[in-house]
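Everything on this sheet refers to the single structure shown next.
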Amino acid sequence: MSRTKIIINHPMHNETTVMKTPRLIIFITLLLILPAGTIFADEVTAPLEINGFRLGASIDEYDFIIFHNYLKEVVINDIGAYRRGTLSYGTCERPGEIVHIKLKYKDHSYKFYQQLLKRYKKKFGKPEEFTGDAFGIVLSWKWRFTDKDNNYISLTLQHNKKNLDETMGNMVKLSMPDRIQAERICFIRKCEQEKMACPAGMMSDDWDNLIPK
């Protein structure tokens, strides 16, 4: 391994000492004393934007999200046995029609979840799919139905123990997935036809919108 010579003059002695220091030690020293990112600053550009949403931008630039999205939500609190929930309704294909209901039970215990699951199975039969995780942190069962008008209905009962990305405790979701998709398609179509103030490009799921830049 190549070495670098460092010359040290001793004030008390009329002599010069030669110290050989490995380049690796010098490199490690530089890493410790230089500000983070100094050496490699030009290699990677920090991402600030994804799907048109940019850090540091004013929220007023995205008012269309509140007023022109294909679904709107109404938050409900403390109703009967439920602590909190949301009702999502369409704004385009069928304006005002509720297409998704999500309610969180006041009782968040696992024991209550077991009681609920037993009663759900008795009323609706065996669930079609387990949609929780493999670690048993989120327990989620899904039923699928078709109503008298041939609408696809999805029912999910969920218990979340620790996953902070999900609603904690016990929750039920009741939705019409086909109607939700219809609202989304209607919204995109009107964006493309410029019938509403919204950026159609942000509704695309191509790779350019999926990766931060």
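Derivation of every value follows stated rules applied to the coordinates shown; laboratory data play no part. Just so it is clear, the model here is predicted, and its values are computed rather than measured. Using ideal geometry, Cβ is built from the backbone for each residue, glycine included, and neighbour counts are taken over all protein chains shown.
Observations on the model:
- Sorted by Cβ neighbour density within 10 Å, fewest at the top, the residues 44, 99: 44, 99
- With R₀ fixed at 45 Å, the C-beta to C-beta distance from residue 118 to residue 69 puts the FRET efficiency at about 0.75.
- Pairs spanning more than 26 Å between alpha-carbon atoms, out of 102/122; 72/126; 104/162; 72/161: 72/126; 72/161.
- In terms of surrounding Cβ atoms within a 10 Å radius of their Cβ, 91, 45 rank from fewest to most as 45, 91.
- Rounded to whole Hz, the Karplus (6.51, -1.76, 1.60) HN-Hα couplings of the range 140-147, x for glycine and proline: 9, 10, 10, 10, 10, 9, 10, 7
- Modelled spin labels at residue 150 and residue 188, positioned 7 Å past Cα toward Cβ, are 2.4 nm from each other.
- Counting other Cβ atoms within 10 Å as a rough exposure proxy, the listed residues 180, 153 run 153, 180 from fewest neighbours to most.
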